[in-house]
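Visitor: Take a look at this one; I'll ask things after.
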Number of protein chains: 2
Amino acid sequence: MDDTVRQHKYVLSEDQMPTVWYNIIPDLPSPPPPPLHPGRLDPVGPDDLAPLFPMELIMQEVSTDRYIEIPGGVLDVYRQWRPSPLFRAHRLEQALGTPARIYYKYEGVSPAGSHKPNTSVPQAYYNKKEGTRKLTTETGAGQWGTALAYACAIYGLECEVWQVGASYDAKPYRRMMIEAFGASVHRSPSDLTEVGRMLGADPRNFTGSLGIAISEAVEVAATNADTRYALGSVLNHVLLHQTIIGQEAMLQLAMAGDTPTHIVGCTGGGSNFAGLSFPFLKEKLEGRMSPRIIAAEPASCPSLTKGVYAYDFGDTAGMTPLMKMHTLGHDFIPDPIHAGGLRYHGMAPLISHIYELGLMEAEAVPQTECFAAAIQFARTEGIVPAPEPTHAIALAIREALKAKETGEETVILTALCGHGHFDLSAYDQYLRGEMVDEAVSDERFASALSTLPKVPA
Amino acid sequence: MDDTVRQHKYVLSEDQMPTVWYNIIPDLPSPPPPPLHPGRLDPVGPDDLAPLFPMELIMQEVSTDRYIEIPGGVLDVYRQWRPSPLFRAHRLEQALGTPARIYYKYEGVSPAGSHKPNTSVPQAYYNKKEGTRKLTTETGAGQWGTALAYACAIYGLECEVWQVGASYDAKPYRRMMIEAFGASVHRSPSDLTEVGRMLGADPRNFTGSLGIAISEAVEVAATNADTRYALGSVLNHVLLHQTIIGQEAMLQLAMAGDTPTHIVGCTGGGSNFAGLSFPFLKEKLEGRMSPRIIAAEPASCPSLTKGVYAYDFGDTAGMTPLMKMHTLGHDFIPDPIHAGGLRYHGMAPLISHIYELGLMEAEAVPQTECFAAAIQFARTEGIVPAPEPTHAIALAIREALKAKETGEETVILTALCGHGHFDLSAYDQYLRGEMVDEAVSDERFASALSTLPKVPA
């Protein structure tokens, strides 16, 4: 028996927890293109967004300040689970026989089980402060809905969630968790909104999509004065709030005495990836580190590797501003893979811009490779990951196996953004040998892209 | 908005993690009565237990050493999630309007989501060290099965779990989690064992019980040379391993500058309760503290408040040694409440002995009171508890409300021994108003007690 006590976990004290969020925009060689008003086709201003968001979040959305202070009332709640641990994957490395050192930042320790409370908490906080009574939102797999329900319970806001039909049917425990926190949940498309009734009339929309659920939640917020809307990814202020992840990870890697050569994160809307990588990208831009920064996206919804960089809507009904992003088309309905949180047609405009600048890479990973990696991870590291971060784990394993061939001591940092306690039916399907990789034809991509809105150059 | 940053969480560094387990036996005024051989009716010796347990655990079972060193190979794995946090329940206190200060030690941060890995890890470790190839066990709600499957994955042992039929049917996610860790799961009663075939023939046993599942797992271990058995509660060595909880909590309460007036833990077999309370009971025995120590048991299976103190079997089929304990009778089948981990007919002999010595109290709590408390806890503290610790939360709330009446600043320490991610259907039932309190008639208790084995005084 090996009785060596190894350092698996790097923990920060509460005093070491960052008290600012990091805004990457002022550090980029050029700013990202602005969102456009869907009717006027000119840049949206704060007034356009005011029906949906509190002013403090709108100001963060357009801020060019490098650091934004985290309010005391948010820090107070963050400290329930933050700083989150960074783990060295000794047992996984051993199983792979790799000279690579693999670190993972674990956000599954939050009350909602993912990184999402990093932004749901400040979003609920600012809304409460500015007099909002109720927040509406969409959720796919349910991570975001759970996180917002939790934050609303803490600050005493009502919360109403539209859950993508396919997930609502397949993952009832997520709905129950959201309800345990006191929020209400509707299956989307619902008959509670105009857009839900309209889109729901088409049987092809029966299983729903994030785009449809967003349209429903936005409609209710836009038409009720005391109600606002909260988005769980994509927007600048959401990515901003997640940067606490990367800031902590940087301190923790320094404790381990290591500098990353690879930073790998899964991407749906992009907030987890941005949260982990942006603080390191600052180091890279300023020449202090030179990690490869790689987005792991699902083969069934590969907005970076198969999408186009163009102005498109954030939702299916075309109610949101137009955002310049890598998109598969706002009416692209991805196959119902288990990583519901990655089934979004577009990529955050800020990440899309950074990708265009050549500061990062992207790779698509098929679902069965993800679950093979997840099982190996669970049986060595003891944590059952959510389907979303299995994409990052699979890519980390690809890189670790390359290192095994070359003998290179690469240092891989990845984000384990949530646990898979509500996704075990996916594991069951995989272990029974019944999981298949969905193949999306080029025709389907092309067809969805044909409906991109026309925007003059 | 209240922007005060309050201290919610008390965290120890890894260096402060205890490196010994605490054995209370040498500190008690008298030792607990010994277990008896079921045939010979004389005290069992190490040789009697050798087919089931590795020698190191048998020596711990009968040890009179006050402290037992935790091996390096166990500390290495403990550090994945230990030291676990102690939380001050500020928001719950505020909602209750109580002057009481409520602290909870949270064990749901472990990979299996409960306190169970505190003992599954050393049990797997010692078995591996002594050449065991496979471990068998029973599980109710699934917390213990998950914990043992996790530990077996870490140390490279096979693992076979018999899950109580009612839980197997109602909580498929637990089975899937156990399988994700690489163990196999059987519905109990199964047709894989003699005792399963025999007891399974009676339709009243269709939903199973912990007692039946234990009989099946013990049979397989006893009849296979390279296979041993692991128990998740009740025995001295299991309680011993859990004392790391209370040792840590004592250091953390000292950080908070508080001394507990009430220590409240839920009791099924008793390991969580013992783990939290024994280190404090030492302080009480030696006059340094005087907390009330209260066991919270389910009204449907109240072994301390409704059972008798007598020698009884640990399992239904009568294969285990006889243990002197508070028992409802080894063939008592509790109603299928949601707190599957508390559905055990007996109480740990060591706790039963301490209860007889008058060093602790017990109260039974009905299920609906537990879930009302759980919802209030989830919506204030942000954690959805497993059904088992909701009993302790309900009792803590009872005491906090008493303090509100008297104005007394009581200090309540409780154990939140696991999260409820796999128990959300229970919350759903409660929120739909469909949960009822099971009432057990005195006749049913009396009938089960009529089959107690005869043991000469």
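The values are calculated or read from the model by the stated rules, or taken from the named source; none is laboratory data. Given the structure is predicted, the values throughout are model-derived calculations rather than measurements. Using ideal geometry, Cβ is built from the backbone for each residue, glycine included, and neighbour counts are taken over all protein chains shown. In case anyone asks, the SASA skips ligands and DNA or RNA and just uses the protein heavy atoms, side chains included. Shrake-Rupley method; radii C 1.70, N 1.55, O 1.52, S 1.80 Å.
Visitor: What is the distance in Å between the Cα centroid of the range A:239-293 and that of the range B:184-201?
Guide: 52 Å
Visitor: For A:L157, what is the net charge nearby, where nearby means another residue's Cβ is under 14 Å from its Cβ and Lys, Arg count +1, Asp, Glu -1?
Guide: Taking every Cβ under 14 Å from that of A:L157, the sum is +2.
Visitor: So for the range B:222-334, taking the charge dipole from beta-carbon charges (+1 Lys/Arg, -1 Asp/Glu), which of B:A256, B:V234, B:L276 sits furthest toward the positive end?
Guide: After comparing all options, I get B:A256.
Visitor: List the distances, in nm to one decimal, from the label point of A:H37 to the label points of the same position in every other copy, shortest first, placing each label point 7 Å from Cα along the Cα-to-Cβ direction.
Guide: So the distances to the same position in the other copies read 9.2 nm.
Visitor: Say the dipole of the range A:299-457 comes from +1 at the beta carbon of Lys and Arg and -1 at that of Asp and Glu; which of A:A396, A:L350, A:V365 then lies farthest toward its positive end?
Guide: Projecting each Cα onto the dipole axis, the largest value belongs to A:L350.
Visitor: Compute the distribution of all C-alpha to C-alpha distances in the range A:215-269, in bins of 5 Å from 0, and list the percent of pairs in each, rounded to whole numbers.
Guide: For the range A:215-269, the binned pair fractions read 4, 13, 17, 17, 13, 11, 8, 6, 6, 4, 1 percent.
Visitor: Here's a follow-up. What gaps in nm, shortest first, separate B:A222 from its twins in the other copies when you place the label 7 Å past Cα toward the beta carbon?
Guide: Here B:A222 shows inter-copy label distances of 7.1 nm.
Visitor: Separate question: From Cα coordinates alone, what are the radius of gyration and Dmax values for the protein assembly as shown in angstrom?
Guide: 27.6, 96
Visitor: May I ask for the Rg/Rh ratio of the range A:282-348, computed from Cα atoms with Rh as the Kirkwood radius, given to two decimals?
Guide: 1.08
Visitor: Roughly speaking, what is the centre-to-centre gap between the range B:411-447 and the range A:405-426 when only Cα atoms are used, to the nearest Å?
Guide: Their Cα centres are 36 Å away from one another.
Visitor: To the nearest 10 degrees, how steeply does helix A:271-285 sit against the main Cα axis of chain A, on a 0 to 90 scale?
Guide: 60 degrees
Visitor: Moving on. Treat every Asp and Glu Cβ in the range B:405-456 as -1 and every Lys and Arg Cβ as +1, leave all other atoms uncharged, and give the resulting dipole magnitude about the Cα centre to the nearest 20 debye.
Guide: Working: 3 positive and 10 negative charges, 87 e Å.
Around 420 debye, computed over the range B:405-456.
Visitor: Note the angle between two axes, namely the Cα long axis of helix B:117-129 and the longest principal axis of the Cα atoms of chain B, as a number of degrees from 0 to 90, rounded to the nearest 10.
Guide: 40 degrees
Visitor: What fraction of the DSSP beta bridges in the range A:255-391 is antiparallel, stated in percent and rounded to the nearest 5?
Guide: Just about 40 percent of them are antiparallel.
Visitor: About the Cα centre of the protein assembly as shown, what is the dipole size in debye to 20, counting +1 per Lys and Arg Cβ and -1 per Asp and Glu Cβ, all else neutral?
Guide: Taking the Cα centre of the protein assembly as shown as origin, the dipole is about 520 debye.
Visitor: Averaging over every viewing direction, what projected area does the convex hull of the Cα atoms of the range A:53-92 cover, in nm²? Provide the component values of the computation, followed by the final result.
Guide: Values: hull surface 20.7 nm².
Projected over every direction and averaged, the Cα hull of the range A:53-92 covers 5.2 nm².
Visitor: Helix-only mean residue ellipticity at 222 nm, chain A, DSSP H runs n ≥ 4 weighted -39,500 (n - 2.57), per residue, nearest 500. What is it? Each step should come with its number before you reach the end.
Guide: Values: 18 runs with 185 residues, N = 457.
Computed ellipticity for chain A at 222 nm equals -12000 deg cm²/dmol.
Visitor: On to the next question. Could you compute the longest span of chain B free of GluC sites (Glu not before Pro) located in DSSP loops and having at most 12 other Cβ atoms within 10 Å, not counting the site residues?
Guide: B:1-285
Visitor: Using only protein heavy atoms and a 1.4 angstrom probe, determine the accessible area buried between A and B, summed over both sides, in Å² to the nearest 100.
Guide: Numbers: alone 16870 and 16830 Å², together 29100 Å².
Roughly 4600 Å² of accessible surface disappears when A and B pair.
Visitor: Something else: Express the relative contact order of the range A:83-241 as a whole percentage, based on alpha carbon pairs under 8 Å and six or more residues apart in sequence. If you can, show how the numbers build up before the last one.
Guide: On the way: 284 pairs, mean separation 34.9, N = 159.
Computed value for the range A:83-241: 22 percent relative contact order.
Visitor: Nearest 10 degrees is fine. How inclined is helix A:387-406 to the longest principal axis of chain A, computing both from alpha carbons?
Guide: Between the helix axis and the principal axis of chain A, the angle is about 30 degrees.
Visitor: How much FRET efficiency would the formula 1/(1 + (r/R0)^6) give for A:E14 and A:A446, where r is the Cβ-Cβ distance and R0 is 56 Å, rounded to 0.05? All intermediate terms of the calculation are to be shown ahead of the outcome.
Guide: On the way: r = 52 Å, r/R0 = 0.92.
The computed FRET efficiency comes out at 0.60.
Visitor: Which whole-number value in Å² is the accessible area per residue of the protein assembly as shown, probe 1.4 Å? Kindly include the intermediate steps, with their values, before the conclusion.
Guide: Numbers: 29100 Å² over 914 residues.
For the protein assembly as shown, the solvent-accessible area averages 32 Å² per residue.
Visitor: Could you pull out the trypsin sites (Lys or Arg not before Pro) across the range B:404-457 that fall in loop regions by DSSP (anything but H, G, I, E, B) with no more than 15 other Cβ atoms inside 10 Å? Can you show the working numbers first?
Guide: On the way: sites: B:K404, B:R432, B:R444, B:K454; in loops: B:R432, B:K454.
The qualifying sites are B:R432, B:K454.
Visitor: Sticking with this structure for a sec: Place the label 7 angstrom along Cα→C-beta at B:P456 and in each other copy, then list the distances from the first to the rest in nm, shortest first.
Guide: 10.7
Visitor: OK, next. Rounded to a whole number, what % of the accessible area of chain B do carbon and sulfur atoms account for, probe 1.4 Å?
Guide: In chain B, the share of accessible area belonging to carbon and sulfur is 53 percent.
Visitor: At a Cα cut-off below 12 Å, give the aspartates and glutamates reachable from B:K128, other chains included and same-chain residues fewer than 8 away excluded.
Guide: A:D2, B:E56, B:E158, B:D226
Visitor: Another question, if that's okay. What is the local net charge at A:N272, summed over the other residues whose Cβ is closer than 9 Å to its Cβ (Lys, Arg +1; Asp, Glu -1)?
Guide: -1
Visitor: Output the Kirkwood hydrodynamic radius of the range A:83-213, Cα pairs only, in Å rounded to one decimal. Please list the in-between numbers first.
Guide: Numbers: mean 1/r = 0.0612 Å⁻¹.
Every distinct Cα pair counted, the radius reaches 16.3 Å.
Visitor: What translational D, rounded to a whole number of µm²/s, comes out for the range B:337-457 from Stokes-Einstein when the hydrodynamic radius is the Kirkwood one over Cα pairs, at 25 °C and 0.890 mPa s? Walk me through the intermediate numbers first.
Guide: Details: Rh = 16.7 Å.
The diffusion coefficient I find is 147 µm²/s.
Visitor: Suppose we look only past 36 Å in the calculated P(r) of chain B. What percent of the Cα-Cα pairs does that tail hold?
Guide: 21 percent
Visitor: Could I ask something else about it? In chain B, which residue puts its Cβ closest to the axis that turns chain B onto chain A, and how many whole Å away is it?
Guide: B:H421, 2
Visitor: In terms of modelled amide H atoms, which long-range or inter-chain residues lie less than 5 Å from the amide H of A:N23?
Guide: Under 5 Å from the amide H of A:N23 lie the amide H atoms of A:Y67, A:I68, each far enough along the sequence or on another chain.
Visitor: Right, next: Grab every C-alpha pair in the range B:1-109, bin the distances at 10 angstrom width from 0 up to the longest one, and report whole percents.
Guide: In whole percents, the pair-distance histogram is 11, 25, 25, 21, 12, 5, 1.
Visitor: Rounded to a whole number of µm²/s, how large is the Stokes-Einstein D of the range A:165-243 at 37 °C and 0.692 mPa s, given Rh as the Kirkwood radius over C-alpha pairs?
Guide: Translational diffusion coefficient: 237 µm²/s.
Visitor: May I ask for the net charge around B:T390, where only other residues with Cβ less than 12 Å from the Cβ of B:T390 are counted and Lys, Arg are +1 while Asp, Glu are -1?
Guide: Values: positive: none; negative: B:E369, B:E388, B:D423.
Overall, the nearby charge balance is -3.
Visitor: If the cut-off is 30 Å between C-alpha atoms, which lysines fall inside it for B:K284, apart from same-chain ones fewer than 8 positions away?
Guide: B:K9, B:K105, B:K116, B:K306, B:K324, B:K402, B:K404
Visitor: A further question on this structure: So for the range B:70-161, taking the charge dipole from beta-carbon charges (+1 Lys/Arg, -1 Asp/Glu), which of B:Q94, B:G140, B:V77 sits furthest toward the positive end?
Guide: Of the options given, the answer is B:Q94.
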